[in-house]
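Structure, as structure tokens:
The values are calculated or read from the model by the stated rules, or taken from the named source; none is laboratory data. Computed from a prediction, not measured in an experiment: that's the story for all the values here. Cβ placement follows ideal geometry from the backbone for every residue including glycine, while neighbour counts extend to all protein chains displayed.
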């Protein structure tokens with residue numbers, strides 16, 4: 001991430017009395033990195049380089065001296081920029097490590113959820129088997145109930161037939177007796 005965007009993500013700078021000296025230094029460096037990456041810095045550097053060359057073109061300073069001073073200034077600036085960039089990279093690395101730990105934690109949670117879903121799937125299969133068993137039992141009970149109803153109806157019919165036969169026998173006997 002570009003330093004100018006990371007600097008804007010942080011909370012506003014707190015009063016120096018609350019921050020430790022290291023935090024104050026880090027905030028100042030952050031501000032410098034942000035400023036150096038800005039259009040204002042680009043314009044200012046361009047003006048400074050133009051001024052260096054203008055001073056030599058106007059023969060106010062010798063070319064050799066101007067180039068020596070310019071090279072020294074640019075070299076020192078490059079050294080500090082490299083240090084600032086490395087500090088930014090280190091901070092980003094620490095931030096990425098925190099994100100990595102969060103991702104690992106999320107992965108563990110996802111694995112646990114996967115195991116739970118598997119267990120739920122097994123439980124659903126068990127429940128499905130139990131439902132099938134219950135349906136079979138209901139079918140058997142229904143058949144038993146139908147058998148009992150049929151047996152009861154048959155018993156009633158046999159009893160009715162027996163009564164009819166007894167009635168006919170009495171009727172026949174009364175006819176014989178006449």
**Prompt:** Considering only the stretch 83-93, how many residues are more than 19 Å from residue 41 (Cβ to Cβ) and touching a residue at least 12 places away in the same chain (Cβ under 8 Å)?
**Reply:** 2
**Message:** Would you confirm, using the coordinates I've provided, whether residue 84 is touching a helix residue (DSSP H, G or I) at 6+ places or on another chain (Cβ under 6 Å), under 30 Å from residue 23 (Cβ atoms) and in a helix (DSSP H, G or I)?
**Reply:** yes
**Asked** Within the stretch 146-161, is there a residue that is surrounded by 10 or more Cβ atoms within 10 Å (Cβ to Cβ), in a helix (DSSP H, G or I) and in contact with a helix residue (DSSP H, G or I) (Cβ under 8 Å, 6 or more places away or on another chain)?
**Response** no
**Prompt:** For the stretch 63-82, how many residues meet the condition of being without any contact (Cβ under 8 Å) to a residue 12 or more places away in the chain and either in contact with a strand residue (DSSP E or B) (Cβ under 6 Å, 6 or more places away or on another chain) or surrounded by 11 or more Cβ atoms within 10 Å (Cβ to Cβ) (or both)?
**Reply:** 8
**Selected residue [out of contact with any strand residue (DSSP E or B) (no Cβ under 7 Å at 6 or more places or on another chain), within 30 Å of residue 30 (Cβ to Cβ) and either surrounded by 10 or more Cβ atoms within 10 Å (Cβ to Cβ) or modelled with pLDDT of 85 or more (or both)] from 142, 95** = 95
